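Data block below; observations after.
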Amino acid sequence: MSRLSAIEGALLLKLMTGSFRSPVSQHLVTLAIAALLDVRPAMVRLRLSCISDRQTLEFDALRPEVPFEQHLLPLEFPHIESIATAEEIRGEVQNLTVYGYEDGIVAQLVKWGDRVEIWLSESELATASFPEIVKCRGQLPHALICWGRIVPKNPQKPLHLLLSRLGKKHVGLQDIQLAEAKFIINEVWGGDLDHETMAMDQLAPAKALTFGSLEALHVLQRNCRAMGFSGLLIRESGKKNPWQWWKANAYSVRAVLMHVALGQRQIAAMTLGVWHQDTLLPIAKIIEPKGSIHTRELMDYVKNNTIEKFGPVRSLKPGLVYVLHFDAVQQAPRRKAGLALINTEIDRLVGDDPGEADALDTIWKLV
């Protein structure tokens, strides 16, 4: 201390006692470590993000050639704000990037050296569920961390074939043949990806859409179903929480109320169907319909038009017609209608003439 000036001594004392509170950005720390180790800052940023115990961390552990002895940890998943109208979009049009969004499994892909790990959340590891993606590690850069979604490589394959892998101890060739997985990259947080790498069969960037105004963006949202997207993912450049999600307009069909399940003081479930020739076929079962559906008129109708009783379930005479919204259709050979509607919701009552309900063919024509 005697060799230091007054300012130097005060600075050293604060450092020793932990009372030096001047903030230093993580970016500057990353640049300093990268300069010390003579490596690219992206490597250091990725390495730091994947190490949980930083109290005993040595600088040499940050070098690219040093292998990991623990799991490659993910970063915090981004917050995505859901919006319903163009007026809710943040930022100027010139600062927005819009991607077409297919339904998929949100995930992070982390790579270091020969190791690749896939995380579905900050605590759920799913590397073993998607071996076809892991096998591409030789074509990926040495260090990489990105987030996106896992989708079927064949758009005609249903997503549930990939979701069914998550509960399995072993995913084999048969699972891959049913539906091969593909990783769609929304954003790269660390590492370098060139265009050749991102053109791989199992790895691809999200498709950016072109537009010039909010009106044009609204047109994209109305038409994204026809383009094969379930919505738009909007990113505002230069923001800490840049992501917004604008869901595509749902499909609509008119369906007849066929069965209800009675609960305590209200209806617990409703089954609706459409016409196939002269027969009503059930297409959706709505669990706990929204509050506006529970009306005195509905309860009176159930009471006066019950044909059969099966415990709490009441089979009804065809009469009430509702507008039913849904996001997608999957083939379901075991069901009478041969299909299953995804994300169904009853919108409103539109009449009491069952002849106004749609036919089964109408649903297939919609999608």
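The values are calculated or read from the model by the stated rules, or taken from the named source; none is laboratory data. Given the structure is predicted, the values throughout are model-derived calculations rather than measurements. Glycine gets a Cβ as well: all are built from the backbone with ideal geometry, and neighbour counts include every protein chain shown.
Pull up region 251-267, narrow it to residues that are small (G, A, S) and within 19 Å of D347 (Cβ to Cβ), then point me to the one that is surrounded by the fewest Cβ atoms within 10 Å (Cβ to Cβ).
S252
Does region 221-240 include one or more residues that are among the polar types (S, T, N, Q), at pLDDT below 90 and closer than 22 Å to N95 by Cβ?
Yes, there is a match, as at least one residue in region 221-240 is among the polar types (S, T, N, Q), at pLDDT below 90 and closer than 22 Å to N95 by Cβ.
Of the conditions (1) surrounded by 17 or more Cβ atoms within 10 Å (Cβ to Cβ); (2) within 28 Å of A34 (Cβ to Cβ), G113 satisfies every one except a single condition; which number is it?
(1)
In region 121-151, what residues are part of a strand (DSSP E or B) and aromatic (F, W, Y)?
Within region 121-151, W147 is the sole residue that qualifies.
Yes or no, residue by residue, for (1) touching a Leu at 6+ places or on another chain (Cβ under 7 Å); (2) at pLDDT 90 or above:
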position: L125; (1), (2): no, no
position: E132; (1), (2): no, yes
position: Q139; (1), (2): no, no
position: A143; (1), (2): yes, no
position: P158; (1), (2): no, no
position: L162; (1), (2): no, yes
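Output the residue which, of all residues in region 335-367 that are of a type in the set (A, V, I, L, M) and outside any strand (DSSP E or B), is farthest from T306 (Cα to Cα).
V367
For region 305-322, give me the residue count where each residue is among the charged types (D, E, K, R) and touching a helix residue (DSSP H, G or I) at 6+ places or on another chain (Cβ under 8 Å).
1
Yes/no matrix, rows are residues, columns are (1) more than 30 Å from A226 (Cβ to Cβ); (2) among the hydroxyl-bearing types (S, T, Y); (3) within 32 Å of the chain's Cα centre (by Cα); (4) at pLDDT 90 or above:
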{"residue": "H259", "(1), (2), (3), (4)": "yes, no, no, yes"}
{"residue": "L272", "(1), (2), (3), (4)": "no, no, yes, yes"}
{"residue": "H276", "(1), (2), (3), (4)": "no, no, no, yes"}
{"residue": "K290", "(1), (2), (3), (4)": "no, no, yes, no"}
{"residue": "N304", "(1), (2), (3), (4)": "yes, no, no, yes"}
{"residue": "S315", "(1), (2), (3), (4)": "yes, yes, no, yes"}
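Return the residues of region 278-288 that are among the aliphatic types (A, V, I, L, M) and more than 31 Å from the chain's Cα centre (by Cα); say none if nothing qualifies.
L280, L281, listed by residue number.
Applying the selection to region 296-334, what residues are free of Cβ contacts under 8 Å to residues at least 24 places away in the same chain and assigned to a loop (DSSP other than H, G, I, E, B)?
Result: N305, G311, K317, A332, P333, R334.
So which residues in region 302-336 are more than 30 Å from L161 (Cβ to Cβ) and among the aromatic types (F, W, Y)?
F310, Y322
Go through T271, T306 for me and flag whichever is within 17 Å of L341 (Cα to Cα) and either touching a strand residue (DSSP E or B) at 6+ places or on another chain (Cβ under 9 Å) or in the same structural domain as T362 (by TED's automatic domain parsing) (or both).
T271
Answer yes or no: is there a residue in region 139-148 that is under 27 Å from N249 (Cβ atoms) and either buried (at least 20 other Cβ atoms within 10 Å of the Cβ) or in contact with a strand residue (DSSP E or B) (Cβ under 7 Å, 6 or more places away or on another chain) (or both).
Taking every residue of region 139-148 in turn, at least one turns out to be under 27 Å from N249 (Cβ atoms) and either buried (at least 20 other Cβ atoms within 10 Å of the Cβ) or in contact with a strand residue (DSSP E or B) (Cβ under 7 Å, 6 or more places away or on another chain) (or both).
Conditions (1) assigned to a helix (DSSP H, G or I); (2) modelled with pLDDT of 70 or more, marked per residue:
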| residue | (1), (2) |
| --- | --- |
| R3 | no, yes |
| I7 | yes, yes |
| A32 | yes, yes |
| I51 | no, no |
| T56 | no, no |
| A61 | yes, no |
| E87 | yes, yes |
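Restricting the search to region 284-295, which residues are surrounded by 11 or more Cβ atoms within 10 Å (Cβ to Cβ) and in a helix (DSSP H, G or I)?
Selection gives I293 alone.
Within region 199-212, is even one residue over 21 Å from the mean Cα position of the chain (by Cα), loosely packed, with under 12 Cβ neighbours inside 10 Å and either among the polar types (S, T, N, Q) or at pLDDT 90 or above (or both)?
Among the residues of region 199-212, at least one is over 21 Å from the mean Cα position of the chain (by Cα), loosely packed, with under 12 Cβ neighbours inside 10 Å and either among the polar types (S, T, N, Q) or at pLDDT 90 or above (or both), which makes the answer yes.
Table: residues versus (1) over 19 Å from A268 (Cα atoms); (2) in contact with a Cys (Cβ under 9 Å, 6 or more places away or on another chain); (3) not aliphatic (A, V, I, L, M).
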position: I307; (1), (2), (3): no, no, no
position: V323; (1), (2), (3): no, no, no
position: F326; (1), (2), (3): yes, no, yes
position: Q331; (1), (2), (3): yes, no, yes
position: E356; (1), (2), (3): yes, no, yes
position: L360; (1), (2), (3): yes, no, no
